[in-house]
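To start, the structure itself, in structure tokens.
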Amino acid sequence: MKSKIIMTSMVGLAFAMPAFAAPSKTSETFPQNGQMQEDTKYIGQATQTNLHSYEGPVTATANYTDTPYTVTAGNYLPMSSETVAQCTSGNYCPGISGTVNYSTSANQGLTACPNGYGASDLGASEDTQCYRSCNSAYIGSTITSTPGIAHADGMAGNDYYGTGTDTCYPTSCVAGWHLRTGNFLQDTIGRSHNVNSSYAYQNGTGDAGFNQNTYGITQNNEFVVDFGEKGKIHGYAKCSNVEGTNNNGTWTNPTILTNAQIGTEAGRYCYCHLDSYTPAGNDQTMQSLSLPWVFHVDRGGADACASDCAYRCVFSIDETNGSSDRLFAFREAVFGLFDRSGSTCDANVISITWDGADQTDIDANNAGQCTYGGDINTPKKAVHVPGKTFVGWTFDTPSGN
């Protein structure tokens, strides 16, 4: 009985012992640097040379190196995270040159938007993609400075930091001015030939251009096209890494990009966009356009693009060399993007009834109407009234005023 009890106990111990398995990988050599890898059987390598001991016990120390993380534009490495993430709203992420290591104390590659421009869309890569809402601080100015819109009484859209493309547009106008919607670029300029037009540009490398001083061009890839009596437009070219299409030069459905999508300059793909329009002879009424970027052409390399992208934008929008449908197609593609963000405050046209003047004398001086804030032409002469000396016309004051 006693021996049976002992045997039963041994069987019970056998069942209680855990099961062991061999590592899934084997090696007949020991690592030269001594760093043994996970889940590996080193066959016959338990020697004093490798263990540094004949008797033991011994300790195996875990060794680690920093994991390098690549942070591209529009992304950052969050604090205490091993995963690169998209740039968050209210910040911009220009990317990090080289690699960075894991950090428990800082977000890496994340920069807060400039003071006063505390908003941005996800994935912003430049400070020019930071914005604030267009508000009353920019309303009613008679001299427009970005993002102001002359004679606006209410505004919507966003004001982007620095050279970012503003999307401000008027929703109402001050007294004497009315809101104009619709595509006035197409209406005013359209497909017309402009033999007296002029232009100016500065290329992307800053060492060449045309007419910069005449039109106040100061930045690389900045351009102006002056359509004479039809007004002038202002804009920028950009060489992007984002590939685009111009539909074999027809621009029937070209690649269109926003500020956030086009990325930083350094690519081979030439894009163009307009940011303002100024009526002829009145630089005080510049209007913000805020159009997106339209793909023009693949220049095959970043250097080639930087050297002539601005010129290509100007040439294709200017069109003074005949009736090229191809060039008109690009102009129409750019102008066709004009939407409600291009609403403007236009001066009211006021008709004038001249008492004591013949119609021929009114017409002779184009005195039948005036534009609010503009000039008043009087008739060529007043009707002679016997026994009277004409001393001048006065406008009647409406009753109640």
Rounded to whole Hz and in sequence order, give me ³J(HN,Hα) for the stretch 86-96 from the Karplus expression 6.51 cos²θ - 1.76 cosθ + 1.60, θ = phi - 60°, writing x for Gly and Pro. 5, 4, 8, 4, x, 9, 9, 10, x, x, 10
With every protein chain kept in place and a 1.4 Å probe, the stretch 23-100 has an accessible area per residue in Å² of 74 Å²
Report D121's accessible area, 1.4 Å probe, all protein chains in place, as a number in Å² to the nearest 10. 80 Å²
Taking the stretch 341-401 and dividing mean pair separation by its residue count, relative contact order in percent (alpha carbons under 8 Å, at least six apart): 28 percent
For the full complex of protein chains and a 1.4 angstrom probe, list L179, L337 by accessible area with the highest value first. L179, L337
Under 5 Å from the placed amide H of A119, counting only residues 5+ away or on other chains, we find Y131
How large a share of the accessible area of the stretch 29-138, in percent, is made up of carbon and sulfur atoms when the probe is 1.4 Å and the other protein chains stay in place? 46 percent
Potential extension, Y64-T40 segment - 0.36 nm per residue separation minus Cα distance: 6.9 nm
Using 1/(1 + (r/R0)^6) with R0 = 22 angstrom and r between the beta carbons of A156 and T188, what's the FRET efficiency to the nearest 0.05? 0.45
In whole percent, the fraction of accessible protein surface over the stretch 200-318 that belongs to carbon or sulfur atoms, probe radius 1.4 Å, stands at 43 percent
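The values are calculated or read from the model by the stated rules, or taken from the named source; none is laboratory data. Source: prediction; values computed, not measured. Every residue, glycine as well, gets a Cβ built from its backbone with ideal geometry; the counts of neighbours run over all protein chains shown. SASA here: full protein model, heavy atoms, side chains in, ligands and nucleic acids out. Shrake-Rupley method; radii C 1.70, N 1.55, O 1.52, S 1.80 Å.
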